[in-house]
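Everything on this sheet refers to the single structure shown next.
What follows is calculated from the coordinates using simple rules that are stated; it is not laboratory data. On a predicted model such as this, the values are computed, not experimentally measured, just so you know. Neighbour counts are summed over all protein chains in view; Cβ atoms, including those assigned to glycine, are modelled from backbone coordinates with ideal geometry.
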Amino acid sequence: MSKEPVAVVGVGQTKHVAARRDVSIAGLVREAARRALDDAELTWADIDAVVIGKAPDFFEGVMMPELYLADALGAVGKPMLRVHTAGSVGGSTALVAANLVAARVHGTVLTLAFEKQSESNAMWGLSLPIPFQQPLLAGAGGFFAPHVRAYMRRSGAPDTIGSLVAYKDRRNALKNPYAHLHEHDITLEKVQASPMLWDPIRYSETCPSSDGACAMVLTDRAGAGRAPRPPAWMLGGAMRSEPTLFAGKDFVSPQAGKDCAADVYRQAGIADPRRDIDAVEMYVPFSWYEPMWLENLGFAEEGGGWKLTEAGVTELDGDLPVNMSGGVLSTNPIGASGMIRFAEAALQVRGQAGEHQVDGARRVLGHAYGGGSQFFSMWLVGARPPQS
Amino acid sequence: MPEVLKAPLVVEFPFTRSLGPVQSAFLTGLRERVVLGVRTTDGRTLVPPVEYDPRTAEEIHDLVEVAPTGTVTTWAWNHEPRRGQPLDTPFAWVLVRLDGADTALLHALAAPGPDAVHTGMRVRVRWAGERTGAITDIACFEPYDAEPGQPGNHSGEFTEPLTGIVAPARLDYTYSPGRAQSAYIHALSEQRTVGERCPSCRKVYVPPRGACPTCGVATAEQVEVGPRGTVTTFCIVNIKARNLDIEVPYVYAHIALDGADLALHARIGGIPYDQVRMGLRVEPVWTEGARYPDHYRPTGEPDADYDTYKELL
Ligand SMILES: [Zn+2]
């Protein structure tokens, strides 16, 4: 028996900001969930199950927050699951929810991911004082910066590429009312003049710390038939993992990422992603990851990703727009960041992306990664239902 | 077999909590010696209050005051109070349904012993002398035989409401790095770097984890590597981390020690930070009594050819 087609019929997110001091965690997730239900014109009673994700518990210090969020998300009397795959969690949460629909376990599933970074400090959460280890570094930037340098060496990319990505993403964010950073006076010169934090990564090439939540309503073919607005159809979805560190690990282009993308393309019948996919919303927490992932995801040959960026191909009006929403560089509620990528892909093929809509976007890839480039999750959504 | 190391690990952080409207009113109320519940649309009063109806998922914010007296619905005796608990002498954990409420609140009951506690017993709030807007503003409950207290008629509106609290969290672990890393650390004390070779793929892991993550088999064969190595990639750290006592800028590098099949991470010194490069040959610099090399410095050898370390970034 073939799988049930999965449709996205509701998308909701909060206006992402540095600190939402006016709401509890429950209030924050509720806001996104409510907006997704409103978009789908559904009520709590229409939801069969809830699948929630967030980043590591240390990031907010609430062990198993899903326990206390069951009532805020209308999950009483229904199955509720939590997914946990570090930074990629928003993507894998959506895929777990999608698989419940595809397997016909449930007809309509609410999926949601969130982070309230203002209640903690992620840099602290990533730098616990483990005994017998030599403390050398704090936070994610220093961890990823050597891999960016390795990419620059391997590809021969000029050192201006990172600033082009940051300048583009911040301008895209100006068109997205939900984005955290709205830097109206951004210029390329300002990006290039911003301080080096972890050379080769500049301040303006890093992501902010945000409070926010993102939710989607996923449903089956019958549910999509009742939807008030055009649905986004899942054409392929996959997750892959690999160890954080192992002999032969390629941090610049991890094998798990390549395999994950290949699986999605196989499911969706994509022969040439550069030709067959109209836009990409990918997880770029440090600007250089745009050219790196363009190669890892098969949009450019090895060493060629930066050439697409440099030529303007990834601009909003380019041939392959990347991070139309402004990306992680403009909004980073860590646990939600993966789902925001997936949701943006859905908004694009539904024609609901507003000012950052890519004209004629029919197939859009959503991508997330997490851990030490260890977990990958991706989906490809389309304006039309899958063929089979 | 050398001793497996162990040490305490304390994970501690003052998390902050934004309260939202309902918890804000509840905790501000405690500060003012008022216990507030929330009314559901079907007329139940929930204490402590919640923002969303557990039955219908509706948003609820109709606050009502309940009495400071109530009935124990169940309990458990705590023989040995621990740090941070409400009382420092043995007490009962109780669920108390306050007069006017339909649900019960978890708190502590001061009582001389378990024989003095029973389900159905009447209790009242003992307020803390200093109140800040926290559940600890109720110091505990105490036995109470008189008439039920009368709830006031508070609306839940306060001047200067509390909007956030600090919720310090602390976890105490006993951490052990395990056999393989303990052996690695013991060898370091003799200024030697010892990894382990995978019996299947023959790769040498430094530091060793006791198993090969690729093959999934245990590793045991000890292999001394280094002391020299090659900088495979690096970054220059320009921002000072709160919990790190290292002057900036400094170079954080991946170093493939000679004989190792993946890079370890260390600081580079003995060379201006802006002259560090991929391929630089380095050796460890030890300081008296330190567990790890303080940093690695240039050996003066010619730089390694990129092709010799490109798989070890
Ligand atoms: Zn092996």
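Tell me, B:137, B:88, B:258, A:185 in order of fewest to most beta-carbon neighbours within 10 Å? It would help to have the intermediate numbers written out before the result.
Numbers: B:137 21, B:88 9, B:258 13, A:185 5.
Lowest count first: A:185, B:88, B:258, B:137.
Using a/c under 1.5 as the rounded threshold, could you call region A:158-273 rounded, prolate or oblate? The axes a ≥ b ≥ c are square roots of the C-alpha gyration tensor eigenvalues, and prolate needs a/b larger than b/c, oblate otherwise.
Values: a/c = 2.38, a/b = 1.29, b/c = 1.84.
Taking the square roots of the gyration eigenvalues as a ≥ b ≥ c, region A:158-273 is oblate.
Taking the Cβ of residue A:110 as the centre, find all other residues whose Cβ is under 10 Å away and add up their charges (Lys, Arg: +1; Asp, Glu: -1). All intermediate terms of the calculation are to be shown ahead of the outcome.
On the way: positive: A:78; negative: A:46, A:48.
Surrounding charge for residue A:110 is -1.
Would you work out if region A:1-152 is rounded, prolate or oblate? Take a ≥ b ≥ c from the square roots of the eigenvalues of the alpha-carbon gyration tensor; rounded if a/c is under 1.5, else prolate when a/b is larger than b/c, oblate otherwise.
Values: a/c = 2.19, a/b = 1.66, b/c = 1.32.
Since a/c reaches 1.5 and a/b is larger than b/c, the shape of region A:1-152 is classed as prolate.
Can you list residues whose amide H is under 5 Å from residue B:15's amide H, if they're 5+ apart or on another chain and H is modeled 1.01 Å from N?
For residue B:15, the qualifying residues are B:167, B:169.
On the principal axes of its Cα set, how long, how wide and how thick is region A:200-258? Give whole Å, largest value first.
50, 30, 15
Counting DSSP beta bridges in chain A, what percent are antiparallel, to the nearest 5? Could the numbers behind the result be given before it?
Details: 37 of 52 bridges.
In chain A, approximately 70 percent of DSSP beta bridges are antiparallel ones.
Got a sec? Charge dipole of the protein assembly as shown, +1 on Cβ for Lys and Arg, -1 for Asp and Glu; which of A:109, B:37, B:175 is way out at the positive end?
A:109
From the phi of every residue in region A:75-81, what ³J(HN,Hα) in whole Hz does the Karplus formula 6.51 cos²θ - 1.76 cosθ + 1.60 yield, where θ is phi - 60° and glycine or proline is x?
Working through the residues one at a time gives 8, 5, x, 10, x, 9, 10 Hz.
What percent does the relative contact order of chain B come to when contacts are Cα pairs within less than 8 Å and at least six residues apart?
On the way: 715 pairs, mean separation 47.7, N = 313.
Relative CO of chain B lands at 15 percent.
Please quote Rg/Rh for the protein assembly as shown to two decimal places, taking the Kirkwood radius as Rh and restricting both calculations to Cα atoms.
On the way: Rg = 28.1 Å, Rh = 27.7 Å.
Answer for the protein assembly as shown: 1.01.
Using the number of other C-beta atoms within 10 angstrom as an exposure proxy, rank A:123, A:282, A:239 with the fewest first.
On the way: A:123 17, A:282 25, A:239 22.
Ordered from fewest to most neighbouring Cβ atoms within 10 Å, A:123, A:282, A:239 come out as A:123, A:239, A:282.
Residue A:90: net charge of surrounding residues, Cβ under 13 Å, Lys/Arg +1, Asp/Glu -1, itself excluded?
Working: positive: A:54, A:82, A:341; negative: A:115, A:281, A:344.
Spelling it out: positives minus negatives among the neighbours equals 0.
Report Rg (one decimal) and Dmax (nearest whole number) for region B:1-49, counting Cα atoms only, units Å.
Spelled out, the Cα radius of gyration and Dmax of region B:1-49 are 21.3, 68 Å.
Can you give the net charge of the other residues whose Cβ lies under 12 Å from the Cβ of residue A:71, counting K and R as +1 and D and E as -1? Intermediate results must be reported in sequence, preceding the final value.
Numbers: positive: A:30, A:78, B:55; negative: A:66, B:51, B:53, B:58, B:59.
Net charge around residue A:71: -2.
Sequence gap at least 6, Cα distance under 8 Å: using those rules, report the relative contact order of region B:226-313 to the nearest whole percent.
On the way: 188 pairs, mean separation 27.2, N = 88.
Value for region B:226-313: 31 percent.
Two-decimal Rg/Rh of region B:226-313 from alpha-carbon positions, Kirkwood Rh? Show your work: numbers first, answer last.
On the way: Rg = 12.7 Å, Rh = 13.2 Å.
Rg/Rh: 0.96.
Fewest first, what order do A:130, A:25 take by the number of other Cβ atoms within 10 Å? It would help to have the intermediate numbers written out before the result.
Working: A:130 14, A:25 24.
Neighbour counts put them in this order, fewest first: A:130, A:25.
Going by a ≥ b ≥ c, the root eigenvalues of the Cα gyration tensor, does region B:1-103 fall in the rounded group (a/c under 1.5), the prolate group (a/b larger than b/c) or the oblate group?
Prolate is the answer for region B:1-103, as a/c is 1.5 or above and a/b outweighs b/c.
Out of every Cα-Cα pair in region B:177-225, what percent are more than 11 Å apart?
Details: 699 of 1176 pairs.
Considering region B:177-225, 59 percent of its Cα-Cα pairs are separated by more than 11 Å.
Let me see the P(r) profile for chain B: every Cα-Cα distance counted, bins of 10 Å, each bin given as a percent of all pairs.
With 10 Å bins starting at 0, P(r) equals 5, 18, 19, 12, 9, 16, 15, 4, 0, 0.
Give me the one-decimal Kirkwood hydrodynamic radius in Å for chain A, with the sum taken over alpha-carbon pairs. Show your work: numbers first, answer last.
On the way: mean 1/r = 0.0488 Å⁻¹.
By the Kirkwood definition, the hydrodynamic radius is 20.5 Å.
Enter the angle in degrees (range 0 to 90, nearest 10) between the Cα long axis of helix B:20-31 and the first principal axis of the Cα atoms of chain B, meaning the one along which they spread out most.
Approximately 60 degrees, to the nearest ten.
What number, in percent, do you get for the relative contact order of chain A if the mean sequence gap of Cα pairs under 8 Å and at least 6 apart is divided by its residue count? Numbers along the way, then the final one.
Working: 938 pairs, mean separation 99.6, N = 388.
Computed over chain A, the figure is 26 percent.
Would you calculate, for the protein assembly as shown, the mean residue ellipticity at 222 nm contributed by helices, counting each DSSP H stretch of 4 or more residues as -39,500 (n - 2.57) and dividing by all residues, to the nearest 500?
Numbers: 17 runs with 158 residues, N = 701.
It comes out at -6500 deg cm²/dmol, rounded to the nearest 500.
How much space per residue, in cubic angstrom, does the convex hull of the C-alpha atoms of region B:15-170 take up?
Details: hull volume 19.7 nm³, N = 156.
Expressed per residue, the convex hull around the Cα atoms of region B:15-170 is 126 Å³.
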